[in-house]
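This report refers to the structure that appears directly beneath it.
Quick note: the coordinates plus some simple rules give every number you see, no bench work behind them. Model, not experiment: these values are computed from the prediction. Here the Cβ is made from the backbone with ideal geometry for all residues, glycine too, and neighbour counts use every protein chain on show.
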Amino acid sequence: MIRLLLNRLWQTAIVLFGVSVITFIIMHSAPGHPLQANPELRLDPTAVERWLELRELDEPLPAQYIGWLSRMFRGDFGKSLIYNRPVPELALERLPATLLLTVPAFLLALGLAISCGTWAALRQGGFVDRLLGLATLAGLSLPSFWLGIILMMLFSYGYPWLPASGMRTAENSSVSDILAHLVLPVTMLVAGSFSYYVRYVRYTVLAVLSQDFIRIARARGFTELYIVFRHVLPNASLPIVTVAALSLPQLFTGALVAEYVFSWPGIGRWIVTSTLARDYPVIMAVNLSAAALVAFSNFLADLLFLLIDPRLRFKA
Amino acid sequence: MVFVLMIIGFSFLLLNGCQKGQEETNLQVLHVAAPASPITLNPLFARDAGSLEAAALLHPQLLGTNPDTLEVEPRLFASFELQADNLTYLFRLQEGLLWSDGTPLTADDVAFTLLLISHGDYTGWLYPLLRFVDGAEEYRNKRLSPYAQGEISGIRVIDEHTIAIRLKQLHAPFLSYLTFPPLPAHKLQNVKVAEMEGHPSLRNVLVGAGPYLLAAWKPDEYLHVRANPDYHLGKPKIAEIYYRFIPNIEAQVIELLAGKLDLLPTAVKVEDVEMLAADRQISIHKNERLVYDYIAINQKEEGSPLKDKRVRQALAMLLDKDELVTNLLLGNAEVLHGPLLPLHFAFDREFSQEKGSLPAARQLLLQAGHPQFQLKLIFNSGNIIRENVALLFKEQAAQVGIDVQIHALEWEAFLAALTNGDYDLAILGRSADADPDLSFHWHSQGAGNRTGYANEKVDRLLEEGVAVLDKERRSELYRQIQELIVADAPIIWLYTRQAIHAASADLQGFAAHPESLFYNVHLWSLAGREDGL
């Protein structure tokens, strides 16, 4: 067990190092630097020079990378070139809004997918199953931004019940105000990820249902409900846990399309504007944290496996 | 699961703060949309239009310009006069100016700001404007202290309300440069200039003297400001403004129609104007701006047919600009034939290029010995108007034997192509100064002269143009310069677009300035909203 853990840590370290080097190279080979974004800006050339010098951007690339790495090890993620503030501060400022959007959407999509998927699998070929097939096909093939705009046209304009943009009306908004702002973006996110999860659930539940021990359980006269909760779901949970765990990093990196469509002040928009503006320290920190999160979620999935499946624990 | 619920609860707490009071109902509150969040509220370091607009709510200007004539007007400086030496300006501040913390705003604050801008560690955009001040260049190069201290020989504080600025030589546009705000010396004199760009007291504008004071800045959400009771032009009538950052333009329109926004500034789409104008709750405002669109011509490539003036003249004949304005911009623009804009006092309404025809263009190409060739035309993807201009251009060019290849590029790639000269033609926009001085783009040494345009006579006349004060004479000079530049056909001028704003019909007193959305914001009011909505 401990060897497994150490092995994982070691692998993760190598992956993170690789990610940082590759990000660094790609970022610096992309054209432009933050002060070039606006060609009409009337900056004095000496001011640009001084600006680069003050931020150590005039040094050769390897020196810049080593400088960044050594600061990283001291826990210093650097300052945004655009906002002139520490990167973690900027990220933390946007994290609550991001989680407020992604976590409920994730839980709702997963919860709905597990219940609907199981139902559909139990009544395979029935009305609900066929309806769900159609709905998931639609959910997967409709572009989410389009769905977002349609939702907005319907419920913010046609029937102006819900706000079309932002997270709240003012600093002292009530909880209900924030909830009203949440409805449309969460719906848009759920529509997309629900369709994705529900197919997994239905498929895995079907696979479990076709196994012998279920037939035996039925033969022994257990109620359907008992079979589903005692035998089907625990056995089907392994693949579902994998899929869910792999979605975890997305909770933190935000939901760019929904954030854009509904002007949600999340992390996704910040990442994109930072990338477009060549805000090097932000891009480095974000990519590295995202890679670390992916590694962590994989690790978490493995741990959950051990927890759920006693056979794996035995092997380990 | 418990962990996740805790996160959600925690997020709510963080966002919600502690108060859950009802919104005050008897205040005038204005909701304005912005396409992007400001990056900084520090006007001396802002490098993007969004930050400069937002900063205008919180900072007063030393001098303003009239929205119609662009003539310099008093602001914090109540008066300004040029001394007999024709080099020294004497500025007198209004009496009784206060920072929001109660400290008087004095000539020392102005001097501190000028020192800061001229400092060697200052990396903002204003220094090029101050290099005409006597001693500013020496001060910048010496960099004696990391703080904005010391002296510039041309700047002298005479008393609390008076400051004299002496220039190296007469520079006619100088007053029009002083539209930036002063910063509070008592808060910032102990901050190193190199650290000022991200300094918290500037980010949060704890101390201001503008029409509004900062109540809250929620990144990527909104800027919330409250009327400054001590604003030197009078307390603003609208008590609070929410400047909301809504990147999705469709959402902006929907929120306006639903009555949740009061103003969509500047960039309302031309195709939405009719629909919005039909709504009785909404009024459309338009104003001219100091920007124009043009087609840049790359003449740096060896052996390119574009090096031949006749070829460039032929290219300039291809597009029917009236048609562009009528059909693409639905009349919300003015055709442009040269670098002077309708807002400039030197603008010549009579000046126009003779309307070329396709046969005339073909003739010129034949004379130049380039009957057939290929050109690469680039523009930034996502700009529908420019895309249509490109298509029309390609169609017209095909008729005179030029094969135009169109490339729509992502913004950064577009900029890179421009910088590296990887194009023959490029459709882009540019902004002009309030003063008709064209040196920035057209002097051979101009910092904004990207195409490498050089004409000795133009250089000489440009230098003469800033060295005289008489408006008539300057007008004459700039018209002459315009003729010379246009005769060289260095670029193809297209049109100057109007700013189109859609506002709630309740909004009174709104009249945007060509350079500033929040011009005279203290005079705006919301009719019939005293009882609250």
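Relative contact order for chain B: what percent, with Cα pairs under 8 Å and sequence separation of 6 or more? Before the final figure, lay out the partial values.
Working: 1004 pairs, mean separation 103.9, N = 533.
So the answer I get is 19 percent.
Hey, how many Å between the Cα centroid of the range A:270-303 and the Cα centroid of the range B:239-268?
What the calculation gives is 32 Å, centre to centre.
So, by mean Cβ neighbours within 10 angstrom, what's the order for A:61-68, B:284-291, A:107-114 with the highest one leading?
Values: A:61-68: 13.5, B:284-291: 17.1, A:107-114: 18.9.
The most tightly packed comes first, giving A:107-114, B:284-291, A:61-68.
Cα centroid distance between the range B:123-177 and the range A:163-203, in Å?
54 Å
Using Cα-Cα distances under 8 Å and only pairs 6 or more residues apart, what relative contact order does the range B:332-413 have, in percent?
On the way: 74 pairs, mean separation 22.9, N = 82.
Once normalised by length, the contact order is 28 percent.
Just to confirm the number: angle between the C-alpha axis of helix A:280-308 and the first principal axis of chain A, 0 to 90 degrees, nearest 10?
The two axes meet at around 20 degrees.
Can you give me the Cα centroid spacing of the range B:416-478 and the range A:214-231 in angstrom?
Computed from Cα coordinates, the inter-centre distance equals 84 Å.
Based on the Cβ-Cβ distance from B:Glu151 to A:Ile25, what FRET efficiency comes out when R0 is 51 Å, to the nearest 0.05?
On the way: r = 47 Å, r/R0 = 0.93.
After rounding to 0.05, the efficiency reads 0.60.
With charges only on Cβ, +1 for K and R and -1 for D and E, what is the dipole size of the protein assembly as shown about its Cα centre, in debye, rounded to 20?
Working: 70 positive and 87 negative charges, 776 e Å.
Roughly 3720 debye, rounded to the nearest 20.
Please give the FRET efficiency for B:Glu274 paired with A:Asp58, using the beta carbon to beta carbon distance and R0 = 60 Å, rounded to the nearest 0.05.
Working: r = 52 Å, r/R0 = 0.87.
According to the calculation, E is roughly 0.70.
Specify which residue in the list B:Phe180, B:Leu462, A:Val128 is farthest towards the positive end of the charge dipole of the protein assembly as shown, using unit charges on the beta carbon of Lys, Arg (+1) and Asp, Glu (-1), about the Cα centre.
Value computed over the given set: A:Val128.
What is the range A:87-276's relative contact order, in percent, from Cα pairs under 8 angstrom and six or more apart in sequence? Don't jump to the answer; show the numbers that get you there.
On the way: 202 pairs, mean separation 67.0, N = 190.
Value for the range A:87-276: 35 percent.
Compute the Cα gyration tensor for chain B, then decide on rounded, prolate or oblate, letting a ≥ b ≥ c be the square roots of its eigenvalues: rounded whenever a/c is under 1.5, prolate when a/b is larger than b/c in the other cases, and oblate in all that remain.
Working: a/c = 1.86, a/b = 1.27, b/c = 1.46.
Verdict is oblate for chain B.
Around B:Tyr495, which amide H atoms from residues at least 5 apart in sequence, or from another chain, sit under 5 Å from its own amide H, with H modelled in the peptide plane?
B:Asp293, B:Leu336
Would you kindly derive the ³J(HN,Hα) couplings of the range B:331-344 from the backbone phi angles with the Karplus curve 6.51 cos²θ - 1.76 cosθ + 1.60 (θ = phi - 60°), listing them in order in whole Hz, with x for Gly and Pro?
Here the 3J(HN,Hα) series is x, 8, 6, 10, 4, 10, 10, x, x, 7, 9, x, 6, 6 Hz.
Once both axes come from the Cα atoms, what is the angle between helix A:127-141 and the longest principal axis of chain A, in degrees from 0 to 90, rounded to 10?
The angle comes out at about 10 degrees.
By the gyration tensor of its Cα atoms, with a ≥ b ≥ c the square roots of the eigenvalues, what is the shape of the range B:131-221: rounded for a/c under 1.5, prolate for a/b over b/c, or oblate? Each step should come with its number before you reach the end.
Values: a/c = 2.07, a/b = 1.59, b/c = 1.30.
Taking the square roots of the gyration eigenvalues as a ≥ b ≥ c, the range B:131-221 is prolate.
Provide a whole-number value for the mean count of partner chain Cβ atoms within 10 Å of the Cβ atoms in peptide A:153-166.
Values: counts 2, 0, 0, 6, 7, 1, 0, 6, 1, 1, 5, 12, 14, 11.
Averaged over the peptide's residues, the number is 5.
What distance in nm separates the simple spin-label points at A:Gln11 and A:Leu312, each placed 7 Å from Cα in the Cβ direction?
So the label points at A:Gln11 and A:Leu312 sit 1.3 nm apart.
Based on DSSP H runs of at least 4 residues, each adding -39500 (n - 2.57), what is the mean residue ellipticity at 222 nm of chain B after dividing by all its residues, to the nearest 500 deg cm²/dmol? Before the final figure, lay out the partial values.
On the way: 17 runs with 152 residues, N = 533.
After summing the helix terms and dividing by the residues of chain B, the value is -8000 deg cm²/dmol.
Counting other Cβ atoms within 10 Å of each Cβ, which GluC sites (Glu not before Pro) in the range B:381-475 have at most 15 and sit in a DSSP loop?
Passing both the DSSP loop test and the Cβ count: B:Glu410.
How shielded is A:86-94 by partner chains, expressed as the average number of their Cβ atoms within 10 Å of its Cβ atoms? Before the final figure, lay out each step's value.
Values: counts 1, 0, 0, 0, 1, 0, 1, 4, 3.
Partner-chain Cβ atoms within 10 Å, mean over residues of A:86-94: 1.
So how far apart, in nm, are the two label points at B:Gln480 and B:Asn327 if each is 7 Å from Cα heading toward Cβ?
With each label point 7 Å from Cα toward Cβ, the separation is 4.1 nm.
Give the average, rounded to an integer, of partner chain Cβ atoms located within 10 angstrom of each Cβ in B:214-220.
Numbers: counts 0, 2, 3, 0, 8, 8, 14.
Per residue, the number of nearby Cβ atoms from other chains is 5 on average.
For a test of the definition: using alpha carbon positions, the gyration tensor, and the 1.5 limit on a/c, classify the range A:1-138 as rounded, prolate or oblate. Don't skip to the answer; put the middle values down first.
Values: a/c = 3.04, a/b = 1.92, b/c = 1.58.
Judged from the Cα gyration tensor, the range A:1-138 comes out prolate (a/c at least 1.5, a/b above b/c).
With point charges of +1 on the Cβ of Lys and Arg and -1 on the Cβ of Asp and Glu, referenced to the Cα centre of the range B:212-290, which listed residue (B:Phe245, B:Leu214, B:Leu290) lies farthest in the positive direction of the dipole?
Working it through, the farthest residue towards the positive pole turns out to be B:Leu214.
Hey, if you put +1 on the Cβ of every Lys and Arg and -1 on every Asp and Glu Cβ in chain A, which of A:Met167, A:Gly268, A:Ala13 ends up farthest toward the positive end of that dipole?
Sorting the options by dipole projection puts first A:Ala13.
I need the P(r) histogram for the protein assembly as shown: all alpha carbon pairs, bin width 20 Å from 0 out to the longest distance, whole percents.
That works out to 13, 40, 34, 11, 2, 0, in percent per bin.
Taking the range A:2-85, which GluC sites (Glu not before Pro) meet the DSSP loop condition and have no more than 15 other C-beta atoms within 10 Å?
Working: sites: A:Glu40, A:Glu49, A:Glu53, A:Glu56; in loops: A:Glu40, A:Glu56.
Loop-located and lightly packed - A:Glu40, A:Glu56.
Any idea how far apart A:Arg74 and B:Asp320 come out in nm if each label point goes 7 Å out from Cα toward Cβ?
6.8 nm
Between A:Leu112 and A:Leu134, what is 0.36 nm times their sequence separation minus the Cα-Cα distance? Round to one decimal in nm.
Working: separation 22, 0.36 × 22 = 7.92 nm, distance 1.59 nm.
Length gained between A:Leu112 and A:Leu134: 6.3 nm.
Rounded to the nearest 0.05, what FRET efficiency is calculated for A:Leu238 and B:Lys300 with R0 set to 60 Å and r the Cβ-Cβ distance? Present the calculation step by step, with values, prior to reporting the outcome.
Values: r = 63 Å, r/R0 = 1.06.
E between A:Leu238 and B:Lys300, to the nearest 0.05, is 0.40.
Explain nothing, just the number: dipole magnitude of chain B about its Cα centre with +1 on each Lys and Arg Cβ and -1 on each Asp and Glu Cβ, in debye rounded to the nearest 20.
On the way: 46 positive and 68 negative charges, 121 e Å.
Charge dipole, chain B, about its Cα centre: 580 debye, nearest 20.
Can you tell me which of B:160-167, B:319-326 comes out highest on packing, and rank the rest after it, using the mean Cβ neighbours within 10 Å?
Values: B:160-167: 18.6, B:319-326: 16.2.
The most tightly packed comes first, giving B:160-167, B:319-326.
Send over the Kirkwood Rh of the range A:87-276, from the inverse of the averaged 1/r over different Cα pairs, rounded to one decimal Å.
On the way: mean 1/r = 0.0545 Å⁻¹.
By the Kirkwood definition, the hydrodynamic radius is 18.3 Å.
If you wrap a convex hull around the Cα atoms of the range A:130-194, how much volume per residue is inside, in Å³? Numbers along the way, then the final one.
On the way: hull volume 6.1 nm³, N = 65.
Dividing the Cα hull volume of the range A:130-194 by its residue count gives 93 Å³.
Ranked highest first by the average count of other Cβ atoms within 10 Å around their residues, in what order do B:191-204, A:223-236 fall? List each step's numbers first, then the result.
Details: B:191-204: 17.3, A:223-236: 15.6.
Order by mean packing, descending: B:191-204, A:223-236.
Suppose every Lys and Arg Cβ carries +1 and every Asp and Glu Cβ carries -1, with no other charges. What dipole size does the range A:87-276 come out with about its Cα centre, to the nearest 20 debye? Numbers along the way, then the final one.
Numbers: 11 positive and 8 negative charges, 158 e Å.
Magnitude of the dipole: close to 760 debye.
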